[in-house]
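These notes are about the structure you will find just below.
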Amino acid sequence: MSRKEFLNWPKKAISLLGMSGVGKTMLSNALPKTSWFHFSGDYRIGTKYLEEPILDNIKQQAMKVGFLRDLLRSDSIYIASNISVHNLDPVSTFLGKLGNPDLGGLSMEEFTRRQQLHRDAEAATMRDVASFIAKSREIYGYDHFINDAGGSICELGYEEALNVLVDNTLILYIRAPSDMEDQLIQRAVSNPKPLYFDREFLGRKLEEYLAAENLASTDDIEPDRFSQWIFPELLAHRKPLYQSIADSWGYTIDARAIENISNEADFLEMVATAIDRKN
């Protein structure tokens with residue numbers, strides 16, 4: 001695609017790729033909501049494909065409290081997750097952290113089960129993008145479409161899901177410069193959150209971590225400490241995967257450029273410049 005072809009594209013559809021925290025959602029929110037349909041991958045995961053597992057997990061925790069257990073069993077109360085584009089904590093909480101159950105961690109078996117459910121859910125969500133582009137135009141009357149993809153899309157391993165994005169959207173990778181990477185790492189250290197890991201990557205890093213900490217099994221891991229340790233490793237692992245996707249099928253922008261985006265015209269010019277740079 002050339003600059004002219006992009007700017008003259010009457011029904012634009014763009015997928016934003018990059019690590020959580022680089023500005024994908026902020027960029028999506030900078031676009032006028034009257035003409036751009038904002039598709040949040042994580043929101044779709046939580047409200048469609050993981051809705052029941054998330055609620056089951058919450059109910060399991062509630063059933064441990066006698067007062068709540070009695071009310072649930074008598075159908076006196078019900079439980080719902082209040083997921084929104086700006087509040088995705090139920091999805092994160094479901095993923096959980098690997099480690100000592102006494103410290104809030106999950107066993108390897110349960111952690112792996114949830115990781116696989118999330119992987120399948122994210123792949124299914126990205127396959128939905130084509131149909132949602134059609135819905136956004138035919139039902140809701142939006143001119144343009146922005147796909148705020150999850151941070152782990154680069155390592156799903158589902159070729160079909162990526163092909164849907166390549167065939168139906170312009171791929172835009174938001175690359176964090178080194179100073180922003182440091183900020184992301186510091187944020188992860190101060191507030192470690194649950195993450196999705198490619199199974200092979202996790203296996204390698206677990207072996208390294210258990211040996212370095214002289215631990216016998218994953219049940220001996222302090223969940224937060226392991227999350228803090230592995231995040232920089234995950235960042236380094238995903239960077240070339242994202243770049244490979246952008247080099248093959250899309251375009252790359254510096255995350256710092258987003259700081260100068262205040263309206264739709266700024267956004268379109270930023271993308272057009274990225275296209276020029278690659279061409």
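A short reminder: the numbers here are calculations on the coordinates, not readings from a lab. Note that this is a predicted model, so its numbers are computed, not measured. With ideal geometry, Cβ positions are generated from the backbone for all residues, glycine too; neighbour counts draw on all protein chains shown.
Working ranking of peptides 189-195, 77-83 by packing, defined as the average number of other Cβ atoms within 10 Å per residue, highest first, is 189-195, 77-83. Annotation: lysines with alpha-carbon distance below 20 angstrom to residue 97 (same-chain offsets under eight excluded): 59, 64, 193, 205.
Taking 27 Å as the straight-line reach from the Cα of residue 278, the lysines in range (excluding those fewer than 8 positions away in the same chain) are 4, 11, 12, 24, 239. For the chain, the relative contact order works out to 32 percent when only alpha carbon pairs closer than 8 Å and six or more residues apart are counted. Estimated from helical segments only, the mean residue ellipticity of the chain at 222 nm is -17000 deg cm²/dmol, where each DSSP H run of four or more residues counts as -39500 (n - 2.57).
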